[in-house]
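Presented below is the structure to which this report refers.
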């Protein structure tokens, strides 16, 4: 059980608050599956009284329809990603350049050829 992130609040967390600084937006949604370092878990009282700084927008996602485990769409997306990752990547055929002439000298991986 995770508790509210607010100081001196020991109530059970029911929502997760994240900030999108680039858009000046605070997003309050269902409790995240895992505790994230840049997200704040809030109890029901603190999530209802949430306010954002002046000029910021608060987006509240529905908390009442929280379900346990992934949705059907999540599972299908995961299955598609696994199939895509397992698909073999065709290797391009690289043709070796044809040599014209004969080798006269060599230094390391470099060769000097005569033109005939």
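Computed quantities for the displayed model
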| quantity | calculated |
| --- | --- |
| Residue among 87, 54 that is modelled with pLDDT of 75 or more and under 25 Å from the mean Cα position of the chain (by Cα) | 87 |
| Subset tally (residues that are loosely packed, with under 15 Cβ neighbours inside 10 Å, assigned to a strand (DSSP E or B) and under 24 Å from the mean Cα position of the chain (by Cα)) for region 5-32 | 2 |
| Where a residue in region 38-58 is on the phi < 0 side of the Ramachandran plot and without any contact (Cβ under 8 Å) to a residue 24 or more places away in the chain and its partner, wherever it lies, is in a loop (DSSP other than H, G, I, E, B) and surrounded by 14 or more Cβ atoms within 10 Å (Cβ to Cβ), with Cβ under 9 Å and at least six apart | 39/5; 39/32 |
| Positions within region 45-62 being closer than 12 Å to residue 17 by Cα and touching a strand residue (DSSP E or B) at 6+ places or on another chain (Cβ under 8 Å), in sequence order | 47, 50, 51, 52, 58, 59, 60, 61 |
| Extreme residue, nearest to the chain's Cα centre (by Cα), among residues of region 33-51 that are surrounded by 14 or more Cβ atoms within 10 Å (Cβ to Cβ) and part of a loop (DSSP other than H, G, I, E, B) | 39 |
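The values are calculated or read from the model by the stated rules, or taken from the named source; none is laboratory data. Computed from a predicted model, the values in this text were never measured in an experiment. As a convention, Cβ positions derive from the backbone with ideal geometry for all residues, glycine included, and neighbour counts pool all protein chains shown.
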